[in-house]
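Asks: Take a look at this one; I'll ask things after.
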Ligand code: CO
């Protein structure tokens, strides 16, 4: 059911330093920072040939990644995102398999303005999984 790896999201404690690392040290194509107030993050997309890396930095109070950065002071992989063709079919399949969907279970628009869902890390080997309809 899942298709391509859409992105790997990395929470970072210092966005400017992370941009420098990806742009200058690793020589990647790095986009301008983008504020996502609905998601409580500022995102920088790193474009690779076969996927994207999203550098996530907390935006505003109550950012959903604040707690993660509290526990992981130097940052870390926050989630991975797989593409699906039909987000509702994917959700129903997940629920029928006993996997837990985070939040209300209704898809929300993600950073790419496409519907997304998050799956409980305890059901996926300790990895927060995002499904994005493409
Ligand atoms: Co994501």
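Asks: When residue 101 is evaluated against the numbered criteria (1) surrounded by 14 or more Cβ atoms within 10 Å (Cβ to Cβ); (2) under 23 Å from residue 44 (Cα atoms); (3) within 16 Å of the ligand (Cβ to nearest atom), which criterion, by number, is the only one it fails?
Replies: (2) is the only condition that residue 101 fails.
Asks: Right, another one. Please give the number of the condition residue 69 fails out of (1) within 21 Å of residue 102 (Cα to Cα); (2) in contact (Cβ under 8 Å) with a residue 24 or more places away in the chain; (3) not in a helix (DSSP H, G or I).
Replies: Result: residue 69 fails condition (3) only.
Asks: Let me ask something else. Kindly indicate whether residue 79 is assigned to a loop (DSSP other than H, G, I, E, B), within 15 Å of the ligand (Cβ to nearest atom) and either more than 17 Å from the chain's Cα centre (by Cα) or under 18 Å from residue 108 (Cα atoms) (or both).
Replies: For residue 79, the condition - assigned to a loop (DSSP other than H, G, I, E, B), within 15 Å of the ligand (Cβ to nearest atom) and either more than 17 Å from the chain's Cα centre (by Cα) or under 18 Å from residue 108 (Cα atoms) (or both) - is not met.
Asks: Another one. When you go through 126, 60, 103, 75 one by one, which is the residue that is on the phi > 0 side of the Ramachandran plot and in contact with a helix residue (DSSP H, G or I) (Cβ under 9 Å, 6 or more places away or on another chain)?
Replies: Working: 126 fails: in contact with a helix residue (DSSP H, G or I) (Cβ under 9 Å, 6 or more places away or on another chain); 60 fails: in contact with a helix residue (DSSP H, G or I) (Cβ under 9 Å, 6 or more places away or on another chain); 103 fails: in contact with a helix residue (DSSP H, G or I) (Cβ under 9 Å, 6 or more places away or on another chain).
Going through 126, 60, 103, 75 in turn, just one is on the phi > 0 side of the Ramachandran plot and in contact with a helix residue (DSSP H, G or I) (Cβ under 9 Å, 6 or more places away or on another chain): 75.
Here's the yes/no breakdown for (1) within 16 Å of the ligand (Cβ to nearest atom); (2) exposed (fewer than 12 other Cβ atoms within 10 Å of the Cβ); (3) at pLDDT below 95:
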position	(1), (2), (3)
85	no, yes, no
94	no, no, no
97	no, yes, no
108	yes, no, yes
112	yes, no, yes
117	yes, no, no
127	yes, no, no
132	yes, no, no
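Asks: Within the range 16-41, take every residue that is outside any loop (DSSP other than H, G, I, E, B) and within 16 Å of the ligand (Cβ to nearest atom) and give me the one that is nearest to the chain's Cα centre (by Cα).
Replies: Only one residue tops the list, namely 41.
Asks: I would also like to ask the following. Counting only residues that are without any contact (Cβ under 8 Å) to a residue 24 or more places away in the chain and more than 15 Å from the chain's Cα centre (by Cα), how many does the range 117-134 have?
Replies: To start, the set of residues in the range 117-134 that are without any contact (Cβ under 8 Å) to a residue 24 or more places away in the chain comprises 120-122, 125-126.
Now drop any that are not more than 15 Å from the chain's Cα centre (by Cα), which leaves 122, 125.
The qualifying residues number 2.
The values are calculated or read from the model by the stated rules, or taken from the named source; none is laboratory data. These numbers were taken from a predicted model, which means no experiment stands behind them. As a convention, Cβ positions derive from the backbone with ideal geometry for all residues, glycine included, and neighbour counts pool all protein chains shown.
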